[in-house]
Each structure stands twice: as C-alpha cells, then as structure tokens.
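Just below is one structure, and these are the notes that go with it.
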Amino acid sequence: MTEQPTADPNSFAEMDLRPELLRALSGLGYEEPTPIQREAIPAILAGRDLLGQAATGTGKTAAFALPVLQRMTRNRREHDPMALILVPTRELAVQVSEAIHRYGRELGARVLPIYGGQPIVRQLRSLERGVDVVVATPGRALDHIARKTLRLDQLETVVLDEADEMLDMGFAEDIESILTETPKTRQTVLFSATLPPRIDKIARKHLRDPSRIQMGRESTGEGETPLVRQSAYIVARAHKPAALGRVLDIEAPTAALVFCRTRAEVDQLAEQLNGRGYRAEAMHGGMDQAQRDRVMGRLRSSTADLIVATDVAARGLDIDQLTHVINYDVPSDPESYIHRIGRVGRAGREGVAVTLAEPREHRMLKVIERMTRQPIVIEKVPTVSDLRARQLELTRSALHESLLEDDLDSYRVVVETLTDEFDVVQVALAAVKLAHEASGAAADEEHIPEIAARPAKDSRGSKPAVGSGRGGGSDGGTRPDSAVRGGRRGGASDPGMARLFVGAGRIAKIRPKDLVGAIANESRLSGRDIGAIEIADRFSLVEVPEDSADEVIAALRASSIKGKSVQVRRDRGGR
Ligand code: AMP
C-alpha cells in the first residue's frame, strides 16, 4: 500500500462510521476493515476523489459503498439518486446492489441495479418511485439518461468500478458521455484491477487530485516466504463446501487452519465440516481468550483436526504441528496471504497452502503470485471417482498396516468357517467392504462443475496470460467500438481460440460491446478474454478461448442479445 491519506484506522468504529452501518457490518460478521477499506474509506469520507487499484476479493465494494451510505439521510426522500455506480456487467450490478442493500438496510437505502437485458419497463417503474443509489452498466445508464428517466443533477458521488474491464468491453465513450452529464461538484471514485495508461488518462481527465491506493507495491523479499506447496482451486461459491471437503479428504491434513472472511462464515463452515466427519472447531473475534485457549488445546492434543478462523482470531496463533493452511476465500491482500501461509512450512518442513478462489477472484491469485514470486498451481477439484480411489487407498493401507502389526489369530475361526462355503477371495472382499464402510468414507455425489482457470491478463495490465490466445493487435490500447475488434478479418482463429457464429449483425444493430457484454454476463469470461469480433450485416463472428467455447455457446443460446434470442454455434467458415 502506498500514500496513506490518514493514519490507518484499525476498526470500522475508528473510522467514525455511523451506528447503523457499524451494526450492519457486525451483523455480517466483518471483524475489521480490509487494507483497501482502511485506506479508501477515510479518503472518500474526507471528500477526496480516489484512484484505487483493487481486484475482486479485496473488499472494494464496501470501500466505496460505506462512505456513500455514511452521507445519506436516513430514509432519504429525494427522487433522484445521490450516487451512481458504473460497473461492466449485469452480474456485478446485481452483486454490488445487493451488497449496498445489506449495508444500508437500516438506513432505508433505495438501491437499484439497471442493466441491459432486463425489461426497461420494470426499471422505469423503480426509477419513478425514487432511488438513492443506482448501480448500472454504462449502455443502459445512457439509455435512461437519454429518456430522462435517470437524472443526475443530485449526484454527489460517481464510482467507476472495474474500470479496466469497462474499457475492455468498449464502454469508454459511454463513460465519457455519462460523466459529462454529472455535476462538476461530484466526487469521483475509480477502482480498477489494473492501472494501464488508458486508466490513468481517464483519471487525469475526470478525477481531481485523487488520493491513490495501489496494492502489491510493497516488496516482499525473496526467501521470506517459507517452504510451502501452494495450490488453488477455482470453484463457484455454491460448491465451495463440497470442494473443500474433497480437498481435505485427498490432502488428509494432520492439523489444518482454515481461514474465512467473516464470523458468520466461520460458524457455518465449522458446522459443515463436522457434518462431513471432521473434528472442526470455530475460532473468531467474538470469543474470549479462555475459549480460544480451549480450542487450541484440542488441536494440540489431536482431539480436533481443523480450526476454522478469521484473520483476527488467528492472529498470534502459533501451532507447531500445523501441516495445512486453507484459504476458504482468497485473502483481501497479498500481505495477509503471506502472513497466513507463514504458519506452515517452518523448520525446513514442507507445508501446504490451499486456496479456494471464485472464478472472478482469479486475478487476485496473480497479484499474490507476483508478490510472493512463487507459483500457485491451479488444480482440478477432486472428482467423486478421485475421492473413491483415495478412500480405497486409505482402506488398503489400513489393512496393510493391520496385516503387519496386528495379531489376527482370534479372527481365524471366522474366516475358516466361511471358507467352507465361499472362496477365500470372496471372504476377503466382504471383509474389505465392511472395513471400508466403517471407516466413514463419505458418500459425496455432488456435481462440482469444472472451471478452467480464467485466462485473464496479469494484473499489471500488460500481456494476457500465456495461452489465452487473445485476438491480436489491441491489447492494452483503447478498444475501438468498431465493426472489427482485434484487427483481423476472415483469417484462421488464433491457436487456443474458437470462432463462434452469432446469427445477428449490423442490421440488428449489434455492436461489439453487445456481444462482449452478453458473453461476459452469461459466462465466466471477462471482456479481455474475448478475441477478435467481426460484424457483418446479418451475422457476427467472435473469438473465445477454445476451452470455454461450449460453455459460451450454451450460455448464449439460453439468453438473449439485445432482447432477442439468436442462433449461436461454432463457425464452420466458408460463407
Ligand atoms: P469485494 O472485493 O468487494 O467483491 O468483496 C469480497 C468479499 O469480501 C465479499 O464477500 C464481502 O462481503 C467480503 N468483505 C468485504 N469487506 C470485508 C471485511 N472487512 N471483512 C470480512 N469480509 C469482507
């Protein structure tokens, strides 16, 4: 972190947030601000513009939402919004709205997401009733501005969230147009995972003497990171408990510390893990020292296998026998990652650090890799058959041990009587089955969809990750909202990219950003993963990474582009 606007406050209360917000945060189980929040909230509260480098997972949403809500009159009555938050995708619009709604519930904050794809009538009605905060994708925001159904005269704050992604999706002009409609007196906050020159250009033009927050700038000397095998699994939130269960089954840690973000998550996860047969103990900031000591005692004496904890609760914990650190979520900053995994891999022993990341958090892993200068290997979530194989292997080694160590004579009579009737191998098989079932091997049949690592650009905004095969030519530059994106016509796809045929084109008023928007909304790809786009009169061609092609086709077929369902398939060429 660089340039601290004020001394970093250690708690939300020290930031002088109003009691309604403090109660909301405590209800959500947030124990302390994340580093981004520590720096951004005081600066925004002080009225400064802000340019922040922050990826998903850093807590950036609360960093801009809390100051906006701090200023709102309780049960505000004005008709027009006081804050406008621009986001690249529908998914993010919904997510950010929900977060603000949760933080601002007691204040009666009226939050409205508006995005393309949703019937405009519904949005019109909500806008008519009056709103405090609008969270919008740029295209749809402009539609409403043009219809005069979204009026911006009362705006105090404008937030550009995931600005680099919005530029990637061709929204540069729309953002310009929207900003010119907003009051000169507004406060502007810009968050972006990467800070390439074009973001700087926007910041110079539209932000006034912004406070700058940049992550990942502190150098962590090589050699400071301990000997730790680091891996990560990309998994959707809904499948995280099952994925963690499987990873633990495969890893079989002697003692593990599982980190969660919030108190609520700690309690819930500890319960779920107990349901899976682990002896898991919860530990969070709401517990006193004696309770924490008791939990530690249980881990030390091996009456517990896992401690599920928040960062606050785990501070100062020193556990010798720890073999695994598990990040149930990507930590909110690289420093905290390094600090967490530093708890294993001591005294020359190799420790293991496992991180579960949601698809959108993939970039945060890249930031961490850069800081630690160590690779984090993306692994596949173990499948049900991997688990079965592993469980059988455990049964086999238990039997092997028993054959070597135990005095088995007292069981001889059972085998001998049964072999009068059955073959000895049959008898052995039945015995193995019973032993296997008695070992508590979990029956886990949940289907966890495989998600390939997202081929995102690295966080410096330079080149795309190797293998992403992005359409040539326009990386890092402005993304022209023209008929051809990526600069190639008609040629073969890049290796690693598949070309899709979309049955709508110029006549249907399809623009590149409509395609990018639809794909980014409906699949896990982001704007920058999408390659060349070509728009003809009646159809369009768009390149996507080969390993995501089927997912994108299925998603687009199930949805609509500019309100119409369109034909989507792999391009066979030769038209
Ligand atoms: P974001 O980077 O804004 O997408 O936030 C990532 C996740 O962190 C969300 O699930 C938030 O609910 C959570 N979060 C944000 N701030 C905090 C905090 N101070 N403590 C715990 N969790 C947080």
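Per residue, region 385-438 exposes an accessible area of 82 Å² to a 1.4 Å probe, with every protein chain left in place. For V308, the shell of other residues with beta-carbons less than 10 Å away shows a net charge of -4, using +1 for Lys and Arg and -1 for Asp and Glu. Treating r as the C-beta distance of A438 and N274 and R0 as 22 Å, the FRET efficiency rounds to 0.70. Taking the C-alpha atoms only, the angle from helix 240-251 to the longest principal axis of the chain is near 40 degrees. Applied to region 125-131, the Karplus parametrisation 6.51 cos²θ - 1.76 cosθ + 1.60 on θ = phi - 60° returns per-residue 3J(HN,Hα) values of 4, 5, 5, 4, 6, x, 9 Hz, with x for Gly and Pro. Of the residues T383, T34, T254, the one with the largest accessible area comes first in the ranking T254, T383, T34, computed with a 1.4 Å probe on protein heavy atoms. If you sort K433, K509 by accessible surface, 1.4 Å probe, largest first, the order is K509, K433. For the chain, the Cβ-based charge dipole about the Cα centre amounts to some 3220 debye (Lys, Arg positive; Asp, Glu negative; other atoms uncharged).
Across the cross-link table entries K60/K513; K240/K380; K148/K562, which are compared at the Cα atoms, the separations over 18 Å belong to K60/K513; K148/K562. Which residue, chosen from L227, A65, L84, occupies the Cα position most advanced towards the positive end of the dipole of the chain, where the dipole is computed from +1 (Lys, Arg) and -1 (Asp, Glu) charges on Cβ about the Cα centre? Result: L84.
Straight-distance candidates among the aspartates and glutamates for linking to K205, with alpha-carbon spacing under 16 Å and chain neighbours fewer than 8 residues away dropped: D49, D164, E173, D174, E176, E181. Only beta bridges with both residues in the chain are counted; by DSSP, about 25 percent of them are antiparallel.
Expressed as a whole percentage, what fraction of the accessible surface of the chain belongs to carbon and sulfur atoms when a 1.4 Å probe is rolled over the protein heavy atoms? In the chain, the share of accessible area belonging to carbon and sulfur is 50 percent. Compared with the dominant Cα axis of the chain, that is its longest principal axis, helix 289-300 is turned about 50°.
Other residues lying with their Cβ under 15 Å from the Cβ of K564 contribute a combined charge of +4, Lys and Arg counting +1, Asp and Glu -1. Backbone amide hydrogens, once placed in the peptide plane, bring L500 within less than 5 Å of V542, E543, V544, D571, excluding anything fewer than 5 places away on its chain.
Sparsely packed loop sites in region 378-421 (the GluC sites (Glu not before Pro) outside DSSP H, G, I, E and B with at most 13 other Cβ atoms within 10 Å) comprise E421. Assuming charge only on the beta carbon of Lys and Arg (+1) and of Asp and Glu (-1), the dipole of region 112-267 about its Cα centre is about 480 debye to the nearest 20.
In the chain, the longest principal axis of the Cα atoms and the axis of helix 424-438 are about 50 degrees apart. Among the GluC sites (Glu not before Pro) found in region 16-103, those both in a DSSP coil and sparsely packed, with 16 or fewer other Cβ atoms within 10 Å of their Cβ, are E78. If you take all other residues with their beta carbon under 10 Å from the beta carbon of R105, and give Lys and Arg +1 and Asp and Glu -1, the sum is 0.
Calculated mean residue ellipticity at 222 nm for the chain: -11000 deg cm²/dmol, from DSSP H runs with n ≥ 4 weighted as -39500 (n - 2.57), summed, divided by the residue count and rounded to 500. At most 12 other Cβ atoms within 10 Å and a DSSP loop assignment: could you name the trypsin sites (Lys or Arg not before Pro) in region 28-92 that fit? Filter output for region 28-92: R74, R77. Net charge dipole, region 385-438: roughly 320 debye, given to the nearest 20, about the Cα centre with Cβ charges of +1 for Lys and Arg and -1 for Asp and Glu.
The values are calculated or read from the model by the stated rules, or taken from the named source; none is laboratory data. Everything numeric in this text was worked out from a predicted model, so none of it was measured. For neighbour counting, all protein chains shown are included, and Cβ atoms are generated from backbone atoms with ideal geometry for every residue, glycine included. The accessibility values were calculated without ligands, DNA or RNA, using every heavy atom of the protein model including side chains. Shrake-Rupley method; radii C 1.70, N 1.55, O 1.52, S 1.80 Å.
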